[in-house]
């Protein structure tokens, strides 16, 4: 059991819809004395049909594009997993090294560093709009562009922009989102929010927001959810998640200033809930 090194959030209950790094996020909060409410809303799985992903990898290796747009770190790691199983990981990484790499935010850049590579064109801001602005400034007309999508989202704004530039992108979607918690568990959290039993909720991805509101509306609990979120401190890991919450009419109280990861999120949340700057162990 982790040693409590700060009691700054003692007695505070923080709801966590995170899945992949749930224990990491919960541990950061527990070390500050908080009580995490674990409710992983969304699970991430490999694309159920590997054939299109493997075909994309074969094509990428055989004729590397000029540009690769990486929208998520998870996507690059999943592509490496598919390549490993197809016994072509080294060839994929070598091909990656020969293309111009455009990244949306710090997570795909970090996934590239794990492979000994770097982002050539970080987006001006970690959003689709930021990627589009960066591509427009860099110039892509007449170039061969590959795009790593996420989930089942076709990212129409980005794809439409590329086509307007005369580019027919090579797209791949290496993973999908699925329900990470039973509806009853989600409804229990919604009731706790509405009853004032939760002090804060920390969101780390857009799909978490969509799933939470989907379950609420499915079970006629939309009003309870909206009321509950008005009562708690709402934290978003970065601007993409903040925008998803704001689109639902949710007030975002906390977001890291410029580093959109778990530890800065917890530090910002601690500061907002205590009114003081927290130590970052």
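For the Cα atoms of the chain, what angle does the longest principal axis make with the long axis of helix 206-218, in degrees from 0 to 90, nearest 10?
60 degrees
Pick from 202, 51, 109: which residue has the top mean-square fluctuation in a GNM of the chain where Cα pairs under 10 Å get a spring?
For the chain, modelled as a Gaussian network with Cα springs under 10 Å, the answer is 51.
Fewest Cβ neighbours within 10 Å first, please rank 175, 260 accordingly.
Ranking 175, 260 by Cβ neighbours within 10 Å, fewest first, gives 260, 175.
Most mobile of 206, 246, 148 per a Gaussian network model of the chain (Cα springs, under 10 Å)?
Looking only at 206, 246, 148, the largest GNM fluctuation is found for 246.
Label the range 39-178 by shape, choosing from rounded, prolate and oblate, from the square roots a ≥ b ≥ c of the eigenvalues of the Cα gyration tensor; if a/c is under 1.5 it is rounded, and otherwise prolate applies when a/b is larger than b/c, oblate when it is not.
Because its axes are fairly even, with a/c under 1.5, the range 39-178 counts as rounded.
Could you tell me the distance between the Cα centroids of the range 248-277 and the range 67-134, to the nearest Å?
Going from one Cα centre to the other spans 27 Å.
Of the residues 235, 268, 95, which exhibits the maximal mean-square fluctuation in a Gaussian network model of the chain defined by a 10 Å Cα contact cut-off?
In this elastic network of the chain, the residue with the biggest mean-square fluctuation among 235, 268, 95 is 95.
Taking the Cβ of each residue in 114, 270 as the centre, tally the other Cβ atoms inside 10 Å and list the residues starting with the fewest. Don't jump to the answer; show the numbers that get you there.
Values: 114 11, 270 26.
In order of increasing Cβ crowding within 10 Å: 114, 270.
For the range 74-119, just say rounded, prolate or oblate: build the C-alpha gyration tensor, square-root its eigenvalues into a ≥ b ≥ c, call rounded for a/c under 1.5, and beyond that prolate if a/b exceeds b/c, oblate if not.
oblate
Please determine, in degrees from 0 to 90 and to the nearest 10, the orientation of helix 262-274 with respect to the longest principal axis defined by the Cα atoms of the chain, where the helix direction is its Cα long axis.
30 degrees
Would you order 10, 107, 248 from fewest to most other beta-carbon atoms within 10 Å of each residue's own beta-carbon?
Working: 10 11, 107 22, 248 15.
Starting with the residue having the fewest Cβ neighbours, the order is 10, 248, 107.
What shape does the chain take by its C-alpha gyration tensor, where a ≥ b ≥ c are the square roots of the eigenvalues and a/c under 1.5 counts as rounded, a/b above b/c as prolate, and the rest as oblate?
Note, shape of the chain comes out prolate.
The numbers here are math on the coordinates, done by the rules we state, and not lab data. Source: prediction; values computed, not measured. As a convention, Cβ positions derive from the backbone with ideal geometry for all residues, glycine included, and neighbour counts pool all protein chains shown.
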